[in-house]
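Just so it is clear, none of the values below were taken in a lab; they were calculated from the coordinates. Note that the structure is a prediction, hence the values are computed from the model and not measured. Methodologically, a virtual Cβ is constructed for each residue, glycine included, from the backbone with ideal geometry; neighbour enumeration extends over all protein chains shown.
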Amino acid sequence: MTTRRRRRPALGGVAALPPADSAPGRPQHPPAPVLLVIHPDGYVELFARRGTVRVHVANLLDVAHANEPLAQELAELQMPAWARELYYPAYCVATASTNECWDVGTEVERQWGLEFLRTLKGVNNDTASKP
């Protein structure tokens, strides 16, 4: 039996350790694909194959910045135990903001810019291949 060395805790006192039931050399389960869609009005949709993910949505109260730790603590108290175990900075895999939603004009400009860059790249490739 091999013993595993404990890792030093990361920021916030969280250590990322391998699962207790995993053995060295045993392949891990592939991550379950999840799509999170955030609408401009704040509506959130989560898409995944049924039975592959467990989801809990926690809403933080809109409070003054000084009271934010209190709002986080209240949300944590309302979470199921399995979700509470995940609520550490080390387990945060992605973030987003509904303030980042684009309007149609911004998306059209972005697509036009991408097409322009593709055209430039094609022109540069054509001129580089000519003698």
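If you go through region 36-89, how many residues are more than 29 Å from residue 103 (Cα to Cα) and among the small types (Gly, Ala, Ser)?
Result for region 36-89: 6.
Taking residue 80 and the conditions (1) farther than 30 Å from residue 104 by Cβ; (2) in contact (Cβ under 8 Å) with a residue 12 or more places away in the chain; (3) surrounded by 11 or more Cβ atoms within 10 Å (Cβ to Cβ), which numbered condition does it fall short on, given that it satisfies the others?
(3)
Could you please find all residues in region 51-68 being part of a helix (DSSP H, G or I) and surrounded by 10 or more Cβ atoms within 10 Å (Cβ to Cβ)? Please lay out each step first, then the result.
Step one: of region 51-68, the residues part of a helix (DSSP H, G or I) are 65-68.
Answer for region 51-68, where residues must be part of a helix (DSSP H, G or I) and surrounded by 10 or more Cβ atoms within 10 Å (Cβ to Cβ): 67, 68.
Quick one: which of 44, 57 is closer than 21 Å to residue 88 by Cα and not charged (D, E, K, R)?
Values: 44 fails: closer than 21 Å to residue 88 by Cα.
The conditions single out 57.
Output the residue which, of all residues in region 38-50 that are under 18 Å from the mean Cα position of the chain (by Cα) and without any contact (Cβ under 8 Å) to a residue 60 or more places away in the chain, is surrounded by the most Cβ atoms within 10 Å (Cβ to Cβ).
So, considering only residues that are under 18 Å from the mean Cα position of the chain (by Cα) and without any contact (Cβ under 8 Å) to a residue 60 or more places away in the chain, the one surrounded by the most Cβ atoms within 10 Å (Cβ to Cβ) is 48.
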